[in-house]
């Protein structure tokens, strides 16, 4: 390697390794088949799972307020933060589990991974939930139309945090064996 002169810029040796997408819809269409409608149903199941403890908590808070003759009404100020913390813990724990899926996603044979194939971890699961609520809140629910126009069926919040939702391995294998090509694309 020739010696650099004093006037040339010095290189610091920084190298960035960009990973390719792990899931290709052209070579593995079974990973993406039917994901969008099942993802909506999974979300509704998860909302119900999150809501039930919050409804019970609100009922307890109301009873507490009545028994304290209104003095316990201050506990309702804690309801909002408790609801947010509970939802973040739910999404973080379930998406960060070995199944990489919420309970609703597990029921519908879906799982979430990073775009390069790694499993989701607790913080990424919680950040994914925050990104979802922020994009839907600020950009209206029309932002949920984005997956209809992307090849990997990724929503805007999936792209922002680097995740992808696919069929789990057993479902993908069943779809692959049921394909008209007999698993030979």
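The table that follows gives values for the structure above.
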item	result
Distribution of pairwise C-alpha distances over segment 117-162, 10 Å bins, in %	28, 52, 20
Top of 172, 155, 22 by mean-square fluctuation, Gaussian network on the chain, Cα under 10 Å	22
Relative contact order (percent, whole number), segment 12-108, Cα cutoff 8 Å, 6+ residue spacing	32 percent
Per principal axis, descending, Cα span of segment 89-179 in whole Å	42, 30, 23
On Cα atoms only, tilt of 169-178 relative to the major axis of the chain in degrees	60 degrees
The chain: relative contact order as a whole-number percent, Cα under 8 Å and 6+ apart	25 percent
Kirkwood hydrodynamic radius (C-alpha pairs) into Stokes-Einstein, segment 40-87, 20 °C and 1.002 mPa s, D in µm²/s	184 µm²/s
In degrees, nearest ten, helix 35-67 long axis to first principal axis of the chain (Cα)	30 degrees
Nearest-ten-degree value, helix 79-95 long axis tilted from longest Cα axis of the chain	40 degrees
Reduced Cα scattering model of segment 72-112, Debye log10 I(q)/I(0), q = 0.15 Å⁻¹	-0.46
Alpha-carbon centroids, segment 55-75 and segment 114-185: separation in whole Å	40 Å
Structure-derived log10 I(q)/I(0) by the Debye sum over Cα atoms at q = 0.09, 0.11, 0.16, 0.18 Å⁻¹ - corresponding label in (1) -0.47, -0.62, -1.00, -1.19; (2) -0.36, -0.51, -0.99, -1.22; (3) -0.29, -0.43, -0.99, -1.30	(1)
For the chain, built as a Gaussian network whose Cα springs stay under 10 Å, the top-fluctuating residue of 122, 77, 149	77
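All of the numbers you see were taken from the coordinates with simple rules; none came from a lab. Everything quoted here is computed from the prediction, not taken from an experiment.
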